[in-house]
1. For segment 46-76, how many residues meet the condition of being of a type in the set (Phe, Trp, Tyr), within 14 Å of Glu203 (Cα to Cα) and buried (at least 20 other Cβ atoms within 10 Å of the Cβ)?
2. Please report, ordered by residue number, the helices (runs of 4 or more DSSP H) entirely within segment 77-179 with at least 3 residues that are surrounded by fewer than 24 Cβ atoms within 10 Å (Cβ to Cβ).
3. Which condition number in (1) at pLDDT below 95; (2) open to solvent by 70 Å² or more (accessible area, probe 1.4 Å); (3) not hydroxyl-bearing (Ser, Thr, Tyr) is the one that Gly281 fails?
4. Could you tell me whether Val182 is of a type in the set (Val, Ile, Thr), under 23 Å from Val270 (Cβ atoms) and touching a residue at least 60 places away in the same chain (Cβ under 8 Å)?
5. Name the residue, out of Thr11, Thr43, Thr15, that is over 25 Å from Pro218 (Cβ atoms), in contact (Cβ under 8 Å) with a residue 24 or more places away in the chain, surrounded by fewer than 17 Cβ atoms within 10 Å (Cβ to Cβ) and not hydrophobic (A, V, I, L, M, F, W, C).
6. Criterion first (hydroxyl-bearing (Ser, Thr, Tyr), under 20 Å from the mean Cα position of the chain (by Cα), surrounded by 24 or more Cβ atoms within 10 Å (Cβ to Cβ) and under 22 Å from Lys83 (Cα atoms)) does Thr186 satisfy it?
7. For Tyr194, all conditions in the list (1) open to solvent by less than 10 Å² (accessible area, probe 1.4 Å); (2) under 17 Å from Lys94 (Cα atoms); (3) out of contact with any Gly (no Cβ under 6 Å at 6 or more places or on another chain) hold save one; what is the number of the exception?
8. Taking the stated definitions as given, is Pro34 outside any strand (DSSP E or B), over 18 Å from the mean Cα position of the chain (by Cα), away from ligand 2 (no atom under 16 Å from the Cβ) and modelled with pLDDT of 95 or more?
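The values are calculated or read from the model by the stated rules, or taken from the named source; none is laboratory data. These numbers come from a predicted model, not from an experiment. Neighbour counts are summed over all protein chains in view; Cβ atoms, including those assigned to glycine, are modelled from backbone coordinates with ideal geometry. Remember, those area values only see protein heavy atoms, side chains included, never the ligands or the DNA or RNA. Shrake-Rupley method; radii C 1.70, N 1.55, O 1.52, S 1.80 Å.
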Amino acid sequence: MLFRCSKCGRTMPVTTAIPKCECGGLWDIDWEIPSFEESLIDTNIWGMFRYHNFMALDDNAWKDITLGEGFTPVIYLDNILYKMDYMMPTLSFKDRGAAVLISHCKSIGVKSVVQDSSGNAGCSVAAYSARAGINCTIYVPEGTPRNKINMITSYGAKVVTVEGDRDHCADICREAALKSDVYYATHVYNPFFYEGTKTYIYEVFEQLHRIPEHLVIPVGNGTLFLGCVYALEHLQKSSQIDHFPHIIAVQSEYCDPLFRAAEIGSNKPVSYSFLPTLAEGIAIGRPMRGKEILRLAYKHNVTFVHAPEGEIKKAKEYLANNGLYIEETTAANLAGFREYCRINGDVKDCLITLCGSGLKTAD
Ligand SMILES: Cc1ncc(COP(=O)(O)O)c(C=O)c1O
Ligand SMILES: [Zn+2]
């Protein structure tokens, strides 16, 4: 299996530890995915690896790494569908990506990984590293909720707290990774992560026997967004769906480089100084795959929408009052959906992801 540079097309065996091409382009995985067919779903597995035939996997290392993640339920509340993606081993959707990424690390013999995260991806990578017997260090920005840090250290990983914002934390982590010989197990650069997040869509399709007309997806670095788009393109190419659903991509009103780019039709994220937001998980000022996100957003008529800061708490309360205890970044999805309806009118047949648990941000 090969990595192919998304910019210059250069290839490299996936066993490389080099996080991106020397031209600066990020790696994609070059492999032939089989057409989506129900008969290729491994129904003996009650987790996301039931779709292993549609995932680029080096070998069977995942069988010893999986923690049973995925195959999360879909429920109805006030005529809206919600996918319970906080019902995961480490309580967020990031387990989808981390299970595949760390399986890949195990397959290629990695002994130590380092990663930067706003918290949830760090918890996931730390948990799967523990399971795989891989040393793990997670860089988090200051202000990362205590529960996330406690969880990461409980898995035996080391936490390095970096002053400043999430983007600065990523810069420091990348510098540290460059200077040492540890593997940069990043959910942003490494395309194996997206092999996991693709399964969100495969599950929805198998569970509902269709894809809803509207999908609400949060976008910071876009790991769920990209996985979803790749899987939807796969379903469409396999003639399983006859049209692409409408994606409502949620950004914080205080940190919205992709929203701003879409507003002016730019092909790259708009950078400027952002304000702190309750939706810390999507507070990414410089999304590394921003150009790819925007290219796909224009191709598939994605609508970017703001989660108004003042509406996040209300959305969280409404969901909790209905038995759903989720974190602020997840409440932002509903706040963003409500904002979309305020501007465009009500929509029917919408699925919102509940991608992170409230327990991790509670005091
Ligand atoms: C709960 C939650 N939702 C959404 C996101 C955004 O994911 P991404 O940055 O991959 O777009 C994150 C990222 O940490 C998260 O923790
Ligand atoms: Zn290149």
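1. Total meeting the criteria: 3.
2. Fully inside segment 77-179 and qualifying: 120-132, 146-154, 166-179.
3. Checking Gly281 against (1) at pLDDT below 95; (2) open to solvent by 70 Å² or more (accessible area, probe 1.4 Å); (3) not hydroxyl-bearing (Ser, Thr, Tyr), the one that fails is (2).
4. No, not satisfied.
5. Details: Thr11 fails: in contact (Cβ under 8 Å) with a residue 24 or more places away in the chain; Thr43 fails: in contact (Cβ under 8 Å) with a residue 24 or more places away in the chain.
Going through Thr11, Thr43, Thr15 in turn, the sole match is Thr15.
6. On the way: hydroxyl-bearing (Ser, Thr, Tyr): yes; under 20 Å from the mean Cα position of the chain (by Cα): yes; surrounded by 24 or more Cβ atoms within 10 Å (Cβ to Cβ): yes; under 22 Å from Lys83 (Cα atoms): no.
Here the answer is no, as Thr186 does not meet what is asked.
7. Here Tyr194 meets the rest and fails (3).
8. yes
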